[in-house]
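> Right, I'll just put the structure down here and ask away after.
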Amino acid sequence: MLGEYRIEGRRAAEIAASVERAVGAGDLQPGHVLPPMRELAADLGVNPNTVAAAYRTLRERGVIETAGRRGSRVRPKPVTTARDHIRVDVPPGVRNVADGNPDPALLPSLAEAFAAAAERADRAPVMYGEAAVDPDLARLARADLDADGVPDGPVVVTSGSLDALERVLAAHLKPGDAVAVEDPGWGSLLDLVPALGLRAVPVGVDEEGPVPDGVERALAAGARALIVTSRAQNPTGAAVTARRARALRSVLRTYPETLLVEDDHGHRIVDLPLHPLAGVTHSWAVVRSAAKAYGPDLRLAVLTGDPVTVDRVRGRQRLGPGWVSLLLQRAVVHLWAGGAVDPRAVAAAYGRRREALIAALAERGIAAYGRSGMNVWVPVPDETGAVARLLHAGWAVAPGARFRIGAPPGIRITVSTFAPRDAEPMADAVAAAIGSMPERRYV
């Protein structure tokens, strides 16, 4: 069960640390089954309650997971392993369409924006005790949110979308609570939820967003929070439609105590309208990141929500980093206010690339999905085989295991750097790797 590794310790903290060290060193691999609590307690000569406390600590830290009678095992991607544990190493000469990055050619130059922000900082350096959110950034963000029908609420700035999601979840939930998440969905979020000691409850996704029946089942089963990607869903490209938003609001009205979190990371790179769900439940938040439009290294996201949620996030942020750099915030203001990115042009560029690949695959009898954003999701019968054969053919794609809990297998293809000539050879390679197959939904 554990190979040659022997768990050690007399106290719960020591036992937990022994397991965590082994996972970090690779001595305990993802999927390894841990001994039953009573068995390990007898082996160590301690009370079973001590082992139970150690296992509870490991679950809360995202190192192990418990599957009822099947026991406890090291998570497929524990927080002590690298985030890209499930990925393809791209050898020289292989085209990388797996990384999920935006097209560098569609990102604005940052030099002028940071120079302007730095010049302002030289004139009036930011000191302790100043406002944590730049007023101009708050004004621009709130104007866009108002235009998209997001309910009024205060604005806070975080270090990217994942930071915002973590802070919102921590503000309302406790270890052991269940969170309804999209499946397939954003891999980093699927890792974050158990790392916070929370339980992920998968909800199926189609081209219009989370499936209402799946949301209903998750909330009826006790999920205390629901996380929805509004547009450019990763990995499927789904976008919540007006019809789907109405259906989801109808479900949420039955569960008004649900914490609703909407991740609109596709803001300013998509041309589909936002159909917000916010305001149906008592606790809600909407997150918008600068990463896709202005560059992944701009670790900045704008978060709004109900006053209690935002106040809790602000309060906890004050005790940690304090605030997100005003220099960074003002650089983003310069980019945003100056029209450095034309959302329609960016959305059109990504749209042409997605549609060309989806059409080329359809001509070969292969169903693929991608309504928005920079990714195309292709259901496949054999994920591992498809990834390996495509790598041999010169294309590195992202294995669907990075994004799935219980959804059928698939591969994600990032089209952000595709040229018009790339769709046909990519489709040929996919067809050779998986063959034609009947259309298959990914829920």
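The values are calculated or read from the model by the stated rules, or taken from the named source; none is laboratory data. The structure displayed is predicted, hence computed values, not measured ones. With ideal geometry, Cβ positions are generated from the backbone for all residues, glycine too; neighbour counts draw on all protein chains shown.
> Among the residues of region 374-391, is any in a loop (DSSP other than H, G, I, E, B) and crowded, with 17+ Cβ neighbours inside 10 Å?
Our first condition is that a residue be in a loop (DSSP other than H, G, I, E, B); within region 374-391, this holds for 374, 380-382.
Now restrict to residues that are crowded, with 17+ Cβ neighbours inside 10 Å: 374, 380.
Yes, there is a match, as at least one residue in region 374-391 is in a loop (DSSP other than H, G, I, E, B) and crowded, with 17+ Cβ neighbours inside 10 Å.
> All but one of (1) outside any loop (DSSP other than H, G, I, E, B); (2) in contact (Cβ under 8 Å) with a residue 40 or more places away in the chain hold for Glu119, so report the exception by its number.
Of (1) outside any loop (DSSP other than H, G, I, E, B); (2) in contact (Cβ under 8 Å) with a residue 40 or more places away in the chain, only one is false for Glu119: (2).
> Of the residues in region 392-440, how many are out of contact with any Pro (no Cβ under 7 Å at 6 or more places or on another chain), among the β-branched types (Val, Ile, Thr) and surrounded by fewer than 20 Cβ atoms within 10 Å (Cβ to Cβ)?
Here the count works out to 1.
> Would you mind stating whether Ala115 is in the same structural domain as Val332 (by TED's automatic domain parsing), buried (at least 18 other Cβ atoms within 10 Å of the Cβ) and of a type outside the set (S, T, N, Q)?
On the way: in the same structural domain as Val332 (by TED's automatic domain parsing): yes; buried (at least 18 other Cβ atoms within 10 Å of the Cβ): no; of a type outside the set (S, T, N, Q): yes.
So Ala115 fails the test.
> Restrict the check to region 261-271 and report whether at least one residue is acidic (Asp, Glu), in the same structural domain as Gly237 (by TED's automatic domain parsing) and assigned to a helix (DSSP H, G or I). Walk me through how you get there before you give the answer.
First, pick out the residues of region 261-271 that are acidic (Asp, Glu): 262-264, 271.
Within this subset, residues satisfying the condition of being in the same structural domain as Gly237 (by TED's automatic domain parsing) are 262-264, 271.
This time we only want the ones that are assigned to a helix (DSSP H, G or I), so: none.
So far as region 261-271 goes, no, none of its residues is acidic (Asp, Glu), in the same structural domain as Gly237 (by TED's automatic domain parsing) and assigned to a helix (DSSP H, G or I).
> Pick out the one residue from Val240, Val261 that is touching a residue at least 60 places away in the same chain (Cβ under 8 Å) and hydrophobic (A, V, I, L, M, F, W, C).
Sole residue among the options that is touching a residue at least 60 places away in the same chain (Cβ under 8 Å) and hydrophobic (A, V, I, L, M, F, W, C): Val261.
> While we're looking at this one, here's another question. Return a yes/no flag: does region 345-354 have any residue that is surrounded by fewer than 22 Cβ atoms within 10 Å (Cβ to Cβ), among the aliphatic types (A, V, I, L, M) and at pLDDT below 95.
no
> Have a look at Ala362, Ala427, Ala331, Ala348 and point out the one that is in a helix (DSSP H, G or I) and under 30 Å from Gly129 (Cα atoms).
Working: Ala362 fails: under 30 Å from Gly129 (Cα atoms); Ala427 fails: under 30 Å from Gly129 (Cα atoms); Ala348 fails: under 30 Å from Gly129 (Cα atoms).
Only one candidate qualifies: Ala331.
> Here is a further query. How many of the residues making up region 273-290 are touching a helix residue (DSSP H, G or I) at 6+ places or on another chain (Cβ under 7 Å), farther than 12 Å from Val157 by Cβ, among the hydrophobic types (A, V, I, L, M, F, W, C) and not in a strand (DSSP E or B)?
2
> Collect the residues in region 164-182 that are closer than 28 Å to Arg412 by Cα and surrounded by fewer than 22 Cβ atoms within 10 Å (Cβ to Cβ), keeping them in residue-number order.
Glu166, Ala178
> Inside region 355-391, can you point out the residues that are modelled with pLDDT of 95 or more, of a type in the set (Asp, Glu) and farther than 17 Å from Ser416 by Cβ?
Listed by number, the list holds a single entry, Glu363.
> Output the residue which, of all residues in region 53-109 that are acidic (Asp, Glu) and modelled with pLDDT under 85, is nearest to Pro35 (Cα to Cα).
If we filter region 53-109 for residues that are acidic (Asp, Glu), which is where we start, we get 60, 65, 84, 89, 99, 103.
Subsequent filtering for residues that are modelled with pLDDT under 85 retains 60, 65, 84, 89.
Values: Glu60: 18, Glu65: 13, Asp84: 28, Asp89: 33 Å.
The qualifying residue nearest to Pro35 (Cα to Cα) is Glu65.
> If you don't mind, there's one more thing I want to ask. Out of curiosity, is Val313 closer than 30 Å to Glu112 by Cα and surrounded by 20 or more Cβ atoms within 10 Å (Cβ to Cβ)?
Details: closer than 30 Å to Glu112 by Cα: no; surrounded by 20 or more Cβ atoms within 10 Å (Cβ to Cβ): yes.
Spelling it out, it is not the case that Val313 is closer than 30 Å to Glu112 by Cα and surrounded by 20 or more Cβ atoms within 10 Å (Cβ to Cβ).
> Hey, can you tell me all the residues within region 382-417 that are polar (S, T, N, Q) and within 17 Å of Gly435 (Cα to Cα)?
The initial filter retains those residues of region 382-417 that are polar (S, T, N, Q), namely 384, 414, 416-417.
Hit for region 382-417 is Thr384, nothing else.
> Separate question: Quickly run through region 207-228 and pick out the residues that are aliphatic (A, V, I, L, M), crowded, with 19+ Cβ neighbours inside 10 Å and outside any loop (DSSP other than H, G, I, E, B).
We begin by selecting, within region 207-228, every residue aliphatic (A, V, I, L, M); these are 211, 215, 218-221, 223, 225-228.
Adding the requirement that they be crowded, with 19+ Cβ neighbours inside 10 Å leaves 211, 215, 218-219, 223, 225-228.
Val215, Ala218, Leu219, Ala225, Leu226, Ile227, Val228, listed by residue number.
> Regarding Ala278, is this residue closer than 30 Å to Gly295 by Cα, in contact (Cβ under 8 Å) with a residue 60 or more places away in the chain and in contact with an Asp or Glu (Cβ under 9 Å, 6 or more places away or on another chain)? Break it down into steps so the answer makes sense when it comes.
Working: closer than 30 Å to Gly295 by Cα: yes; in contact (Cβ under 8 Å) with a residue 60 or more places away in the chain: yes; in contact with an Asp or Glu (Cβ under 9 Å, 6 or more places away or on another chain): yes.
Taking the combined requirement at face value, the residue satisfies it.
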